[in-house]
Each structure stands twice: as C-alpha cells, then as structure tokens.
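Readers should treat all values here as calculations from the given coordinates under stated rules, not as data from a laboratory. On a predicted model such as this, the values are computed, not experimentally measured, just so you know. Because the Cβ atoms are built from the backbone with ideal geometry, glycine has one as well, and the counts that use them run over all protein chains shown.
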C-alpha cells in the first residue's frame, strides 16, 4: 500500500469517527474509502477491517458521553446482548448474500426516517419515554437483534438507525439516544469482529493504524455533540440521513 493511500484512509477514518460519534453514519465515509483504497481486496476482508477502527472510535465516543450522560443500564444491556448475537449472525452471512439484495429496502427505510424526523421538529428535543419499562426492554432487544444483523452483514448507517429507533420508539432525546447507540454499536462491532476473525477476514495492521484517526475524530465529535446538545445532534442526524440516501440510491439505481 502506498503512503498516499494510507493518508487518504486515515483522513477518511478520522472524519468517519467524528460524524459517527454525533449521529451515526460513519460507515458512509469509512467503508467507501476502504473500497476505493483497496480495490484488489476481497469484500469480506474490507468489511472485517472496517470494524476495527469503528469499535475503537465508538468506545472512545461512549466514554466521553457517559462522563456527562447517565445511561439506563438495564435498557442498554438488553439492547447490547441481542445486537451482539445479531451482528455475529450477520457477519457469518456477509460473504454469501449480495449487498444489492438490501439496498432498495434501505433506501426506502432511510427516506421514511428522513420524512418522519423532518416533519416532527420537536422529536428528540426532550426525553418523553413511552411504554412501561418492561415493554421498552422488549422493544430494544428486538431492535438490537435486527440492527445488529444488519451491521454484521452490511453496516453503513447502523448508528443512525439505532439513534432513530431510540428517539422515535423509546422517547429518548437525541443526545441520550446517540450516547446509548454508541454502547450498542460497540456490541455490534465486537460481534462482527469475532465472526470475521474466525474466517481470517481482518487486516489488523491497517485496522489498528486507522483506529488512531477514528478515535481522534470520535473524541472531537462527541465533545461537540455534548456541547451542542440534542438540537445540534438532530441537525447532524438529518444531514447524515440525506447523505446516506444519496449514497445508497446512487449505488442502487444509477451506478
């Protein structure tokens, strides 16, 4: 690998960590950069390597968030466990199911999320919890399993989907949802790494080098999110959603 490609990947990973720490969607930047920078590598190796800087950056962001935001520990654990299992399962199928199979559905889902969020400006500005605590635990367990599977098999937008369902389904404010999503994202990344490692599809040297850049971006992004609060996170969330729609729609219908 040339030095120029390594610098390109490091810059992309740093920016991915910054965006992902605020509203998810870091895979929108980091995964395409790896695909461009490593055109001759097989897809499972790229997907596996992508998870290494992601888990380090997500962990750094989560640490920053929870210095300032108190998490609901039972709810977070109830979401992390199924997310970990779902991610292992998804990663196991990553080499066998074509990514084009998911793309039209993802475009539709992203557009729905964008319209719903845009039309409800008060959504996620303040915490307004729904259901009983027991029902919330069941809801997040199911969502964790499904999004974990998606993260293992494909990935881009995982954090964004987690934030959306925590805000719209549970009633969290955007800032707390983003903080909680970081911990759940650690579980999905860990599950995927375990699965990809078992099949030898991780380039650890590159992944660990990119992790430094991703952590730096994640620390800056999480600090900015804490300072700006839910209004800023909502704006970044909508921007990431629109970029995800453009990216996936281009891949699905034009490219």
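Between residue 41 and residue 138, the modelled labels are 4.3 nm apart [label points 7 Å from Cα along Cα→Cβ].
Cβ neighbours within 10 Å, averaged per peptide: list 211-220, 33-42 in order, most packed at the top.
Numbers: 211-220: 22.4, 33-42: 14.6.
So the peptides 211-220, 33-42, ranked by packing, come out 211-220, 33-42.
In terms of other Cβ atoms within 10 Å, 132, 49 run from fewest to most in the order 132, 49. For the range 193-222 versus the range 107-141, the spacing of their alpha-carbon centroids is 29 Å.
If contacts are Cα pairs under 8 angstrom and at least 6 residues apart, what is the relative contact order of the chain in percent?
Details: 470 pairs, mean separation 103.1, N = 255.
With pairs under 8 Å counted, the relative contact order is 40 percent.
Helix 73-92 axis versus longest C-alpha principal axis of the chain: approximately 30°, rounded to the nearest ten. Label-to-label distance for residue 115 and residue 242 is 1.7 nm, based on points extended 7 Å past Cα in the beta-carbon direction. Using the rule -39500 (n - 2.57) for each DSSP H run of four or more residues, divided by the residues of the chain, the 222 nm mean residue ellipticity is -26000 deg cm²/dmol. Extension gain, residue 125-residue 194: 0.36 nm per intervening residue step, less the Cα-Cα distance, totals 21.2 nm.
Contact order for the range 126-255, expressed relative to its length and based on alpha carbon pairs under 8 Å spaced 6+ residues apart, stands at 27 percent.
When only alpha carbons are used to place a centre, the range 229-254 and the range 20-40 end up 14 Å from one another.
With the cut-off at under 11 Å, measuring from each backbone N in the range 206-249 to a point 7 Å along the Cα-to-Cβ line of residue 63 picks out 215-216, 219. Angle of helix 3-23 to the longest C-alpha principal axis of the chain, folded into 0 to 90 degrees and rounded to 10: 10°. With q set to 0.08 Å⁻¹, the log10 of I(q)/I(0) for the range 3-254, from the Debye formula over equal scatterers at the Cα positions, is -0.26. Once you order the gyration tensor axes a ≥ b ≥ c over the Cα atoms, which shape class does the range 173-255 get: rounded for a/c under 1.5, otherwise prolate or oblate by comparing a/b with b/c? Since a/c reaches 1.5 but b/c is at least a/b, the shape of the range 173-255 is classed as oblate.
Could you give the length gained on full extension between residue 108 and residue 5, defined as 0.36 nm per residue of separation minus the Cα-Cα distance, in nm?
33.7 nm
Take peptides 84-90, 116-122 and line them up by average Cβ neighbours within 10 Å, highest first, as a rough protection proxy.
Numbers: 84-90: 23.1, 116-122: 11.9.
Going from most to least packed, we get 84-90, 116-122.
When only Cα pairs below 8 angstrom with a gap of at least 6 residues are kept, the range 158-222 shows a relative contact order of 23 percent.
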